[in-house]
Structure formats: C-alpha cells, structure tokens
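Trainee: First the structure, then my questions, so here it is.
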Amino acid sequence: MAKTGPRTRPLPRRTCVSCGSNSNKRELIRIVRSAAGSIEADPTGKKPGRGAYVCGEAGCWELAIKKGRLERSLKAPLSAGDAEALSAYAESLKGVHS
C-alpha cells in the first residue's frame, strides 16, 4: 500500500461559553483562571490554569460576564476588578472582530 502524503492533524475546536458556537481554537479568545485565582484574558492561549473560550462578539462577552457563564465555566467567582478588566478587553476587540 503506497502512502498518499503527509497526514494533516485536525484543528482543535472549542465552544464559546456564551453562545455555544463551535469554532477553531484560534478564532476564540481564551479566558483563564490562574493558580492565584485571578481571571484574565489570554490572547496567546498558553497561560497555565483553567480556561474558557468566548468568541469575538460583543454580545457574547456581555452575557459571559454579566450572566455568570464565565464563573460557571471557570468554577470561580468573578471579582468586580476582573469583570471590569475583561469588559475593557472586550471593548478593545470591537475594531478587530467587527
């Protein structure tokens, strides 16, 4: 049996915690809970800690932060400072993902 060529690995897929859309990992933004307990955006997707993914839509960020979907996925309460920092990060994405 002859080889047909190099094997390609499938791209990792993740689900947005807010809208439930299933996309390639690189199309979503990872939110991470560090060992210290802080919750922050992880644009590289490589920081250690428990992660959750949110797509670039403003409505998804709002639901994820205000409706407790990030808290549930990360299994940790979202402090006011963390929520404010994530909201500011979402605002910075408006020009990029619009």
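Trainee: Take the residues in the range 22-42 that are over 10 Å from the mean Cα position of the chain (by Cα) and farther than 20 Å from Ala76 by Cβ, then tell me which one is surrounded by the most Cβ atoms within 10 Å (Cβ to Cβ).
Mentor: Only one residue fits best here, namely Ser23.
Trainee: Residue pairs, Cβ under 9 Å, 6 or more apart or interchain, first in the range 14-37 and acidic (Asp, Glu), second assigned to a loop (DSSP other than H, G, I, E, B). List them.
Mentor: Qualifying pairs under 9 Å: Glu27/Cys55; Glu27/Gly56.
Trainee: Just need a number here: residues in the range 78-90 that are free of Cβ contacts under 8 Å to residues at least 12 places away in the same chain and either closer than 17 Å to Cys16 by Cβ or among the aliphatic types (A, V, I, L, M) (or both). Quick ask: steps written out before the conclusion?
Mentor: Applying the first criterion (free of Cβ contacts under 8 Å to residues at least 12 places away in the same chain) to the range 78-90 yields 80-81, 84, 88.
Applying the additional criterion that residues be either closer than 17 Å to Cys16 by Cβ or among the aliphatic types (A, V, I, L, M) (or both) yields 80, 88.
So the answer is 2.
Trainee: Another question about this same structure. Check off (1) in contact with a Ser or Thr (Cβ under 6 Å, 6 or more places away or on another chain); (2) under 15 Å from Ala90 (Cα atoms) for Gly49 and give me the number that stays unchecked.
Mentor: Of (1) in contact with a Ser or Thr (Cβ under 6 Å, 6 or more places away or on another chain); (2) under 15 Å from Ala90 (Cα atoms), only one is false for Gly49: (2).
Trainee: So which residues in the range 1-39 are under 14 Å from Gly49 (Cα atoms) and not in a loop (DSSP other than H, G, I, E, B)? Explain how you work it out, then say what you get.
Mentor: Restricting attention to the range 1-39, the residues satisfying the condition of being under 14 Å from Gly49 (Cα atoms) are 30-39.
Answer for the range 1-39, where residues must be under 14 Å from Gly49 (Cα atoms) and not in a loop (DSSP other than H, G, I, E, B): Arg30, Ile31, Val32, Arg33, Ile39.
Trainee: Next question. Would you say Lys75 is touching a residue at least 12 places away in the same chain (Cβ under 8 Å) and either surrounded by fewer than 15 Cβ atoms within 10 Å (Cβ to Cβ) or touching a Phe, Trp or Tyr at 6+ places or on another chain (Cβ under 7 Å) (or both)?
Mentor: Numbers: touching a residue at least 12 places away in the same chain (Cβ under 8 Å): yes; either surrounded by fewer than 15 Cβ atoms within 10 Å (Cβ to Cβ) or touching a Phe, Trp or Tyr at 6+ places or on another chain (Cβ under 7 Å) (or both): yes.
For Lys75, the condition - touching a residue at least 12 places away in the same chain (Cβ under 8 Å) and either surrounded by fewer than 15 Cβ atoms within 10 Å (Cβ to Cβ) or touching a Phe, Trp or Tyr at 6+ places or on another chain (Cβ under 7 Å) (or both) - is met.
Trainee: Run down Gly49, Gly45 and say which single residue is free of Cβ contacts under 8 Å to residues at least 24 places away in the same chain, crowded, with 17+ Cβ neighbours inside 10 Å and in contact with a strand residue (DSSP E or B) (Cβ under 6 Å, 6 or more places away or on another chain).
Mentor: Details: Gly45 fails: crowded, with 17+ Cβ neighbours inside 10 Å.
Only one candidate passes the filter, namely Gly49.
Trainee: Condition test on Cys55, is it at pLDDT below 95 and crowded, with 17+ Cβ neighbours inside 10 Å? Before the answer, list the steps.
Mentor: Values: at pLDDT below 95: yes; crowded, with 17+ Cβ neighbours inside 10 Å: yes.
Against the criterion (at pLDDT below 95 and crowded, with 17+ Cβ neighbours inside 10 Å), Cys55 qualifies.
The values are calculated or read from the model by the stated rules, or taken from the named source; none is laboratory data. What you see is a predicted model; the values in this text were computed from it and never measured. No Cβ is skipped: glycine too gets one built from the backbone with ideal geometry, and neighbour counts run over all protein chains shown.
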